[in-house]
1. Looking at (1) within 20 Å of Ile125 (Cβ to Cβ); (2) among the polar types (S, T, N, Q); (3) touching a Ser or Thr at 6+ places or on another chain (Cβ under 9 Å), which is the only condition Thr69 fails?
2. Among the residues of segment 216-234, write down those that are part of a strand (DSSP E or B) and more than 15 Å from Trp251 (Cα to Cα).
3. Pairs under 7 Å by beta carbon, first residue among the aliphatic types (A, V, I, L, M) in segment 244-259, partner in a loop (DSSP other than H, G, I, E, B) and surrounded by 21 or more Cβ atoms within 10 Å (Cβ to Cβ), six or more apart or different chains?
4. With the condition being at pLDDT 85 or above, I'd like the helices (runs of 4 or more DSSP H) fully within segment 309-386 carrying at least 1 qualifying residues.
5. If you go through segment 13-40, how many residues are within 24 Å of the chain's Cα centre (by Cα) and either crowded, with 20+ Cβ neighbours inside 10 Å or assigned to a strand (DSSP E or B) (or both)?
6. Condition check: hydrophobic (A, V, I, L, M, F, W, C), closer than 19 Å to Ala65 by Cα and not in a loop (DSSP other than H, G, I, E, B). Does Ala273 satisfy that?
7. Criterion first (buried (at least 20 other Cβ atoms within 10 Å of the Cβ) and in the same structural domain as Asp153 (by TED's automatic domain parsing)) does Ala268 satisfy it?
8. Kindly provide the set of residues from segment 243-295 that are acidic (Asp, Glu) and in contact with a strand residue (DSSP E or B) (Cβ under 7 Å, 6 or more places away or on another chain), ordered by number.
Amino acid sequence: MITTYAEALQFIHGRDRFKKKPTLDRMREFMRRLGNPQEKLTMIHVAGTNGKGSTVAFLRDLFMAEGQTVGTFTSPFITRFNERISTDGTPISDDDLVAMTQQVQPVVAQLDQELAKNGPTEFEIDTALMFCYFAQHPVDMVIVEVGLGGLYDSTNIITPAVSVITTIGLDHMKILGDTIPEIAAQKAGIIKPQVPVICGRLTPEALAVMDQTAAAKSAMIVALGRDFQVTNQPHDQWGERFGFAFKTNRWQHLQIDLLGQYQIDNAATALTAFLVYHQQRQLPVSVTTIRQGLSHTAWPGRFERVNEQPLMVIDGAHNEPAMVEMAQLLRQHFGDREVYVILAILADKQYQQMVKTLLQVPNVHVVVTQFQGPGKRQAASPDALEQAATTHERLSSAPDWPSALKQVLATMSAEDVVLLTGSLYFISEVRHYFKETDAS
């Protein structure tokens, strides 16, 4: 019997992460035995290679600015597991997590017995906990982030009000396929009959897959760059401003505090999903509320300042498409000063290309290092990372990130910037350290 928070976490994290055969049958049966809690919820479903978390945050704050209560389901967590299931940005309490685990555990035990070692996975249990929690602690809207892919993701048993696909790039290729159309087909798996789908900035080949799937399912599809537009406007160091146009909605000088062109895209994609949801229900929207919602949005670990003097920032960029965006952000916002990047990447990522992408920015210096990867996943060794760019004068290595930081602090001037990036798991470790240091 699970009675404590530690036992609840042990039960969740002790499960298999993946099964050999992808299927939703087990998840559907799991939910049936729990009384199909997901059927009680109004949801928006968010898939995509990058930008899911930030898009969820923009959506949450847009609905909250209207006075709605909003549940969110996101992964991975940055500091504590509870963040994954939050209401209005506040994580589920330890007691509620224990109570939900107590409800779910007997059903898991039954399925384990009946399915001969093929019972629910860790992520299926996370998803079940979230559905049960929001069914019993009702909110106006739940924004559900896909864990991996879309088609066979355990969240894909829902019929949402709106589906969102943020971006499509090469990541998790062993599981999802190694071409853009293959990965797009997995993400397009969340498109449901007659449920509108909003797409962020996709390549023509990815968008073609979305259009085809949406047509087959009679789902309205709206895509950034084709059906809604953004125009960049003069920005300051710590924010972006943009113009937005979708149908008759045309607004200028929308302000966000998350940096990067990709965050403008995420904000616009979230805003379009929000507008489509309201149009479907013939609900009015207020531009004042929209401006307020977008300008309030913050998301941990997304170009987040953890120290002011010297300026230190953490970012969860963890694949090649994200590094391309990061390089662009550094050019646009920090082209006038030296940037020292402390980089640690999981070994199953395209780490060599990621190092090369950063080194293409002339004012960037990279120090490669490593960290303790999650579970059995290992971080790429500094040696492997250093081989990415044969003898580069702006590339060095350190055995761990505190040594890398010491090395950088000894070299940099007061105006320079330190960026720690390469993996969400890595920055979770770093963020925890800085927050603990702040508290003490």
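1. Here Thr69 meets the rest and fails (1).
2. Step one: list which residues in segment 216-234 are part of a strand (DSSP E or B), which gives 221-224, 228-233.
Within segment 216-234, Ile221, Val222, Ala223, Leu224 qualify.
3. Ile256/Thr297; Leu258/Thr297; Leu258/Trp299; Leu258/Arg302; Leu258/Phe303; Leu259/Phe303
4. On the way: elements: 320-334, 351-359, 382-386.
In segment 309-386, the matching helices (runs of 4 or more DSSP H) lie at 320-334, 351-359.
5. Of the residues in that region, 2 qualify.
6. Details: hydrophobic (A, V, I, L, M, F, W, C): yes; closer than 19 Å to Ala65 by Cα: yes; not in a loop (DSSP other than H, G, I, E, B): yes.
The answer is yes for Ala273.
7. Values: buried (at least 20 other Cβ atoms within 10 Å of the Cβ): yes; in the same structural domain as Asp153 (by TED's automatic domain parsing): yes.
Here the answer is yes, as Ala268 does meet what is asked.
8. Keep residues of segment 243-295 that are acidic (Asp, Glu), which gives 257, 265.
Hit for segment 243-295 is Asp265, nothing else.
The values are calculated or read from the model by the stated rules, or taken from the named source; none is laboratory data. This structure is a prediction, so every number in the text was calculated from the model and none was measured. Because the Cβ atoms are built from the backbone with ideal geometry, glycine has one as well, and the counts that use them run over all protein chains shown.
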